[in-house]
1. Treating only the Cα positions of the stretch 230-271 as identical point scatterers, give the base-10 log of I(q)/I(0) from the Debye formula at each q in 0.17, 0.18 Å⁻¹.
2. Would you calculate the volume per residue, in Å³, of the smallest convex hull containing every Cα atom of the stretch 52-153?
3. Consider just the alpha-carbon atoms of the chain and return their Rg together with their Dmax, both in angstrom.
4. For the stretch 264-282 and the stretch 293-309, compute the distance between their C-alpha centroids and round to whole Å.
5. Treating the beta-carbon of each Lys and Arg as +1 and of each Asp and Glu as -1, no other charges, what is the dipole magnitude of the stretch 48-157 about its Cα centre, to the nearest 20 debye?
6. Any chance you could check the Cα centroid distance between the stretch 184-249 and the stretch 110-154 for me, in angstrom?
7. Highest first, please rank the peptides 217-230, 18-31, 152-165 by the mean number of other Cβ atoms sitting within 10 Å of their residues.
8. Using alpha carbons only, what's the Rg to Rh ratio of the stretch 210-308 with Rh from Kirkwood?
Amino acid sequence: MPLISVIISVYNESLCLEALYERLAKLKISVNDHKFEFIFVDDGSKDDSREIIRKLAKTDSDVKYVFFSRNFGHEMAMTAGLDHAKGDAIVLIDADLQDPPEVIIDMIGKWKQGFEIVYARRTVRKGETILKRFTSWAFYRLIRWLSKVDIPADTGDFRLMDRCVADQILRCRERNRFFRGLIAWAGFKQCPVFYDRDERLAGETKYSFFKLVKLAFDAVLSFSDAPLRLGVTLGGIVCLISFIIGISVIIQKLVYDIKVQGYALLITAITFLGGIQLLVIGMIGEYIGRIFTESQGRPLYICKEKSDSLPAEVEGFHSNPESITQEEV
Ligand code: UDP
Ligand code: MG
């Protein structure tokens, strides 16, 4: 029987946990041709979330938990869950019941059809402010425009991935991570399921404005080098402008014998120098960009399949989980 690991990140969600568990337990009964493990990752909660999780784990052996020593953030909680998951497919879900667990049934259906990543795309978002909806809408458009990776719009972290995808994600150990980006970056066969995003069952959002801004920064900086290239582009434009001004000054002087005023030369010199400075900063940015991508240490490429006669242990090919060595993870 295939095993499905459901990873739940928890941060001060004591009001939601029991209701969430009940719905997950119902799911387990309705999908009885699969085994389940529910991995609760507590991201340093200050309420009694941990006691509730411990209690659930005592009554149900499919409930497992990882408790962080402090709040490391949602992305790290999902990473820890992934590190510990043993499933043939892994589902990431929020604890606040905004992502209905019943959607997992559709996800499993798609997975059985051969899709390796099934992401849940929200059609309706209930109980969220217009500001949040707008910033989120704008963010997805911006990242899709800036990044070469095709990150699906209007999808949260609620998704299912096959074991082979999880193994590849596990090889990426970058610190400032944006999970949705990483999963999209890994490639593989993806498809959406559509759902209405519910209101949070209880409590309030754990993503403060600053946490969201940090996430947006991580997303843009780890999946796009556009900000670094800005210097080169701007420098190029400024140099071009100063060049045009310079030429026009020379023409005025030589061809029309117009008396060129001192400030014209001054402006030419200033814009030219400014342009050169921006260009040089931009070039340094290009080098830093290369250092940055090297330091992320992502695999160079990911193969999905190859002939048996080729050596198995070549870099980039790890569809067999056993072939990942401990140092790599
Ligand atoms: N979460 C977490 N660590 C954090 C912030 C949030 O583990 O530092 C969890 C939280 O408990 C929830 C999920 O991440 O299960 C999504 O957070 P939230 O619902 O507050 O975000 P929103 O849905 O408002 O974007
Ligand atoms: Mg939520």
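Read the figures in this text as sums done on the coordinates, not as results from a lab. The model shown is predicted, which means the values in this text are computed figures rather than measured ones. Reconstructed Cβ throughout: ideal geometry from the backbone, glycine too, with neighbour counts over all protein chains shown.
1. -0.48, -0.52
2. Working: hull volume 17.4 nm³, N = 102.
Cα convex hull per residue, to the nearest whole number: 171 Å³.
3. Computed over the Cα atoms of the chain, radius of gyration and Dmax are 25.7, 94 Å.
4. 43
5. Values: 18 positive and 17 negative charges, 59 e Å.
That gives the stretch 48-157 a dipole magnitude of about 280 debye.
6. Using only Cα atoms, the two centres lie 14 Å from each other.
7. Values: 217-230: 17.7, 18-31: 15.6, 152-165: 20.6.
Taking the mean over residues of other Cβ atoms within 10 Å, the ranking is 152-165, 217-230, 18-31.
8. Values: Rg = 22.1 Å, Rh = 17.1 Å.
My calculation of the ratio gives 1.30.
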